[in-house]
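The values are calculated or read from the model by the stated rules, or taken from the named source; none is laboratory data. For clarity, every value in this text was computed on a predicted model and none was experimentally measured. Quick reminder, even Gly has a Cβ in these numbers, built from the backbone with ideal geometry, and neighbours come from all protein chains shown.
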Amino acid sequence: QPIQEFQKLLLEFTFQNEQGVAVPIFVNTSDRVESIWMEAATTRAIHRGSLKGKAFYHNGKRLKSNDIIGDVGIADHDTVRLVVRKLQPFIRVKTIRN
């Protein structure tokens, strides 16, 4: 029984960078998504500076750093993708005074 409970807590999944390089990561379901960022920053497959302006996505949904891994549906052997963050359009409003 304790081994099964441990297996539920520990996940192995991969994240892919823009070139499709897959990196295995081991995390607990109770960890925050920021732990994925920490792993990504220390791996050789991803240059630290290349994380700027990017986000992790799982099943088409952007993951926020404070999300709990188990709550966002990441399961054992899933893939989380690192992609350029979709920016919100910037609209400049100009006030015209008479």
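Assorted remarks:
- The range 48-77: number of residues that are at pLDDT 85 or above, among the acidic types (Asp, Glu) and farther than 18 Å from MET38 by Cβ: 1
- Considered as a group, the residues in the range 23-82 that are in a loop (DSSP other than H, G, I, E, B) and among the small types (Gly, Ala, Ser) include one that is nearest to PHE13 (Cα to Cα), and that residue is ALA75.
- Note on the range 1-22: residues that are farther than 15 Å from LEU63 by Cβ, modelled with pLDDT of 75 or more and assigned to a strand (DSSP E or B) total 1.
- Test: ASN28 is surrounded by 11 or more Cβ atoms within 10 Å (Cβ to Cβ), on the phi > 0 side of the Ramachandran plot and modelled with pLDDT of 85 or more: no
- Whichever residue in the range 78-98 is at pLDDT below 80 and aliphatic (A, V, I, L, M) and, among such residues, is surrounded by the most Cβ atoms within 10 Å (Cβ to Cβ): VAL84
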